[in-house]
Amino acid sequence: MDIVVVGLNHKKAPIHIREKVSFKENQKEDGYKILKKCHFVKEFLILSTCNRSEIIAVVSDIEKGIDEIKRFFTRFFDLDSNYIENYFYEKSSDCAVKHVFNVAAGLDSLVIGEDQILGQLRKAHEFALNKNATGTILNKLIREAITTAKKIKRETKISENSLSISSIAIKFIEKIFKDLTNRKVLVIGVGEMSRIAIENLIYKGVKEIYVTNRTKGHAVDLSKRYREIGVVNFKDRYKMINEVDIIISSTSAPHYVLRKDEFVKYHKKDKKICIVDIALPRDVEPEIGQLMGVSLYELDQLKDVANENYQLRIESAKVASQIIIEDCIKFENWYSCLPVFPVIKELKNYSSSIVNRELESFIKKMNHLSDKEKEQIILFTNSLVKKLFKRPLLELKRAGEDKEGELFARVTKELFGLSIEEYRIR
């Protein structure tokens, strides 16, 4: 068995590629059903965000497992394998483990140290657990990665002045308009990214924000929390184009929520409007950005602001990387010891069963001894056996950490006649 990661992210794949492989909520169920049928994939988890779409897996053969996952991507999303091949990244063994730890800590994000990815990873793990797609190895990996990420946020300043994608979007708009106080804004969608954007807008002094959502009740609930918010019916969203200066769109719709053919019916050419699309798949048809007076910005164009943020966090990132290296080694030691863990457990049971059987027989013959004397004999014998087996058990664990666990486990099983299934990690 080995751990692999296969996917596409913001570092290697532009947005028009990433949106093609983004798992929509209603697709995840089918994705899990198909991946469960893959011969070489034994455990897996799908992580799909605005900046990445990747599968973390335990495979019985690295090369064949990676090929199987790539085929899944191309077939599931109906893509040309030759076209998409150059955008894939693939990692295995220790590199895959380190990648997962980096992702959890936000070191592999567009915004270094951002907090949102930790919740997304936790949610993805919960979904995989509910689908019985993860097992001993991935459950341990994800939980350890999340624990390390929390420790990094506690012990470093990497999340100070944290900037999410939504926060960066507001900074981007601020660079264009300078003062946002008298600007009117339309926010499409009421998810977490939209809420963060709204709070940042209010903080910047925006007093007139309109929110629209396909489910109106959710927008109404949001308006009750902020007095600056007004609710617009989703079908009337195009009518707001000439009423606002800024549109921020972040929905989970599988299609465009602003289309050019409808947009041009309401947009006046002399009206200057800034649109920021922070959704994946994209909410705004790209051709809208070619219209006179319209400035359209997408996720990938927020990188400049993110890079400024990166420079502020680079020192904290170095400390975080060191923590990750140390915790990765701990996980890898645990992983390498998987073949010896069942042998250690069985060896303890073996020694205990012999001691208990022999003591029972011996104590029956010692009727002249008091209960206290019998108890002392039992304690002494158990202590002696533990000391006798302490060295072999430690050597088994050390052999596992030195990547010789399978050999030592096999020899120990033969020496003591232990009948347990052999556990192979490679």
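The values are calculated or read from the model by the stated rules, or taken from the named source; none is laboratory data. Quick caveat, the model's predicted, so the values are computed rather than measured. Because the Cβ atoms are built from the backbone with ideal geometry, glycine has one as well, and the counts that use them run over all protein chains shown. These accessible areas exclude ligands, DNA and RNA; they are computed on the full protein's heavy atoms, side chains included. Shrake-Rupley method; radii C 1.70, N 1.55, O 1.52, S 1.80 Å.
Assorted remarks:
- Modelled FRET efficiency - R0 30 Å, R75 with T215, Cβ distances, 0.05 increments: 0.40
- Highest to lowest packing among 274-284, 347-357, scored as the average C-beta count within 10 Å: 274-284, 347-357
- Hz values of 3J(HN,Hα) by residue in the range 208-222 - Karplus curve (6.51, -1.76, 1.60), Gly and Pro given as x: 10, 10, 10, 10, 9, 8, 4, 9, 4, x, 5, 5, 5, 4, 5
- Translational D in µm²/s for the range 123-217 (Stokes-Einstein at 10 °C, 1.306 mPa s, Kirkwood Rh from C-alpha pairs): 97 µm²/s
- Potential lengthening between N132 and K390 on full extension [0.36 nm per residue; Cα-Cα distance subtracted]: 89.2 nm
- Label-zone membership for the range 172-202, site K271, 7 angstrom Cα→C-beta point, backbone N under 15 Å: 184-187
- For the range 329-426, the tally of Lys pairs with Cα-Cα distances below 14 Å comes to 13, considering only residues 8 or more apart or on different chains.
- Helix-only mean residue ellipticity at 222 nm for the chain, each DSSP H run of n ≥ 4 adding -39500 (n - 2.57), per residue, nearest 500: -17000 deg cm²/dmol
- Taking θ as phi - 60° and the Karplus parameters 6.51, -1.76 and 1.60, the scalar couplings of the range 238-254 work out to 5, 5, 7, 4, 8, 9, 10, 9, 9, 10, 10, 10, 8, 10, 9, 5, x Hz in sequence order, x denoting glycine and proline.
- For the range 339-416, alpha-carbon Rg relative to the globular expectation (2.2 N^0.38 Å, N residues): 1.38
- DSSP beta bridges in the chain [antiparallel fraction, %, rounded to 5]: 45 percent
- All-pairs alpha carbon distance profile, the range 49-178, 5 Å steps from 0, percent: 2, 9, 16, 18, 18, 15, 10, 7, 3, 1, 0, 0
- Given K11/K175; K178/K216; K207/K268, the pairs whose alpha carbons are separated by over 27 Å: K178/K216
- Convex hull per residue volume in Å³, alpha carbons only, for the range 335-382: 61 Å³
- Label reach from K64 (point 7 Å along Cα→C-beta): in the range 1-33, amide nitrogens under 18 Å belong to 1-5.
- Given R0 = 45 Å, the distance between the Cβ atoms of H368 and W334 translates into a calculated FRET efficiency of 0.35.
- Just the protein heavy atoms count here, and of the accessible area of the chain at 1.4 Å, carbon and sulfur take up 49 percent.
- Across the range 193-251, the volume of the C-alpha convex hull divided among the residues equals 78 Å³ per residue.
- FRET E, pair R225, T181, Förster distance 25 Å, beta-carbon r, rounded to 0.05: 0.75
- Using only alpha-carbon positions in the range 165-305, the gyration tensor eigenvalues give semi-axes of 19, 18, 15 Å once each is multiplied by 5 and square-rooted (largest first).
- Excluding ligands, DNA and RNA, the accessible surface per residue across the chain is 51 Å² with a 1.4 Å probe.
- Tilt relative to the chain, helix 192-203 - C-alpha long axis, 0 to 90 degrees, to 10: 60 degrees
- Here the label points at K318 and R259, each 7 Å from Cα along the C-beta direction, are separated by 5.3 nm in the simple model.
- Derived scalar couplings between HN and Hα for the range 272-282 equal 8, 9, 10, 10, 10, 9, 10, 9, 9, x, 4 Hz in order, rounded to whole Hz, by the Karplus curve 6.51 cos²θ - 1.76 cosθ + 1.60 (θ = phi - 60°), x for Gly and Pro.
- The peptide list 105-118, 9-22, put in order of mean Cβ contacts within 10 Å with the highest first, becomes 105-118, 9-22.
- Dipole of the range 243-353 computed with +1 at Lys/Arg Cβ and -1 at Asp/Glu Cβ about the Cα centre; of S316, N349, G289, farthest Cα towards the positive end is N349.
- Extended-chain gain in nm, criterion 0.36 nm per residue less alpha-carbon gap, S361 and K303: 13.3 nm
- Temperature 25 °C, viscosity 0.890 mPa s: under these conditions the Stokes-Einstein estimate for the range 266-379, based on its Kirkwood radius over C-alpha pairs, is 110 µm² per second.
- Each 20 Å bin from zero up to the one holding the largest Cα-Cα distance in the chain carries the following percent of pairs: 22, 43, 22, 10, 3, 0.
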